[in-house]
Amino acid sequence: MANRGPSYGLSREVQQKIDRQYDPELEQILVQWILGQCGGEVTQPSAGRDGFQQWLKDGTVLCRLINSLYPRGQGPVAKIQASAMAFKQMEQISQFLQAAERYGIAATDIFQTVDLWEGEQL
């Protein structure tokens with residue numbers, strides 16, 4: 001998550017509402033589906049919102065996931081590589097989002113790269 005101080009007033013109320021909407025059971029369902037879909041290409045994340053966000057943050061899991069929906073060798077993301085550089089991580093998330101839209105996900109249903117990267121509205 002981004003380094004921000006505590007929120008107050010309306011910002012705090014909004015953040016609390018977002019936090020209440022997070023569903024740990026849904027997280028586990030999604031993790032199991034992603035692990036099943038990607039096979040041994042990805043490892044299991046730490047439990048909880050922060051662990052889930054960190055698992056997805058660099059974009060490699062998402063790119064492997066979208067590629068797994070296509071026949072082997074025909075995935076839309078040609079180069080998947082883990083990187084500690086923020087711009088590379090955000091670039092991979094963007095590649096996933098573009099591929100998801102081409103796959104048929106409505107643009108209105110797709111999150112913004114920075115939302116995932118900063119851990120907003122998970």
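The values are calculated or read from the model by the stated rules, or taken from the named source; none is laboratory data. Here the structure is a predicted model, which means the values were calculated and not measured. All Cβ positions, even for glycine, are placed from backbone atoms using ideal geometry, and neighbour counts span all protein chains on display. The protein model used for the area step is the full one, side chains on, heavy atoms only, and it has no ligands, DNA or RNA in it. Shrake-Rupley method; radii C 1.70, N 1.55, O 1.52, S 1.80 Å.
When the stretch 74-122 is examined, which residues are found to be small (G, A, S), surrounded by 13 or more Cβ atoms within 10 Å (Cβ to Cβ) and over 15 Å from the mean Cα position of the chain (by Cα)?
Of everything in the stretch 74-122, those that are small (G, A, S), surrounded by 13 or more Cβ atoms within 10 Å (Cβ to Cβ) and over 15 Å from the mean Cα position of the chain (by Cα) turn out to be G75, S83.
Look through the stretch 11-45, keep the residues that are open to solvent by less than 100 Å² (accessible area, probe 1.4 Å) and among the hydroxyl-bearing types (S, T, Y), and return whichever of them is farthest from I66 (Cα to Cα).
S11
Name the single residue, out of those in the stretch 73-120 being of a type in the set (V, I, T) and touching a helix residue (DSSP H, G or I) at 6+ places or on another chain (Cβ under 9 Å), that is farthest from D58 (Cα to Cα).
For the stretch 73-120, the residue satisfying everything is I105.
Which of (1) in a loop (DSSP other than H, G, I, E, B); (2) without any contact (Cβ under 8 Å) to a residue 24 or more places away in the chain is the odd one out, the single condition R12 does not satisfy?
It fails just one condition, (1).
Counting just the residues of the stretch 59-73 that are open to solvent by 30 Å² or more (accessible area, probe 1.4 Å) and not in a helix (DSSP H, G or I), which one comes out nearest to T113 (Cα to Cα)?
Per the stated criteria, the residue is L69.
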